[in-house]
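Student: Just dropping this structure here.
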Amino acid sequence: MKRKFMTVLKLSSLSVPKKVEKARFIVQSMKGNAYFPSPNPPLASVTDAALVLENAYLAAQGGGKDETSIMYDKEALLELNLIAVSHYVENIANNNND
């Protein structure tokens with residue numbers, strides 16, 4: 001019987017800076033890893049989403065409702081990217097589980 005692997009991100013418990021940090025760690029861990037030859041979404045997209053969120057977070061500090069709303073939109077985009085990458089990792093792990 002094959003074991004089934006499942007990724008756990010626990011994003012809801014993280015602050016915005018910690019989500020950005022986690023995204024960068026995941027990208028760094030996957031870069032050049034032969035097990036993950038073509039991540040979907042590409043790691044560059046995850047990196048870009050993290051940078052955009054970081055900038056939106058900084059703009060929202062002391063900003064108004066508009067800046068905060070933009071930050072939440074960018075946070076959701078990064079989360080979607082991370083969830084998609086986690087599904088990619090699960091798929092690789094579960095299909096190479098001999």
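Student: Look at region 59-76 and say how many of its residues are under 28 Å from M6 (Cβ atoms) and either buried (at least 17 other Cβ atoms within 10 Å of the Cβ) or more than 16 Å from the chain's Cα centre (by Cα) (or both).
Tutor: Of the residues in region 59-76, 2 are under 28 Å from M6 (Cβ atoms) and either buried (at least 17 other Cβ atoms within 10 Å of the Cβ) or more than 16 Å from the chain's Cα centre (by Cα) (or both).
Student: Is it the case, given these coordinates, that A56 is buried (at least 17 other Cβ atoms within 10 Å of the Cβ), more than 19 Å from M6 (Cβ to Cβ) and without any contact (Cβ under 8 Å) to a residue 24 or more places away in the chain?
Tutor: When the stated conditions are applied, A56 passes them.
Student: Follow-up. In region 27-54, what residues are among the small types (G, A, S) and either under 11 Å from N81 (Cβ atoms) or in a helix (DSSP H, G or I) (or both)? Write out each step before concluding.
Tutor: At the first step, the residues of region 27-54 found to be among the small types (G, A, S) are 29, 32, 34, 38, 44-45, 49-50.
Those that are among the small types (G, A, S) and either under 11 Å from N81 (Cβ atoms) or in a helix (DSSP H, G or I) (or both): S29, A44, S45, A49, A50.
Student: Would you be able to tell me the number of residues in region 1-26 that are over 14 Å from H87 (Cα atoms), in a helix (DSSP H, G or I) and of a type in the set (A, V, I, L, M, F, W, C)?
Tutor: Total satisfying the criteria: 5.
Every number in this text was worked out from the coordinates using simple rules, so none of it is lab data. Note that the coordinates shown come from a computational prediction; the quantities given were computed from them, not determined experimentally. Positions of Cβ are generated from backbone atoms using ideal geometry, with glycine treated the same way; all protein chains shown enter the neighbour counts.
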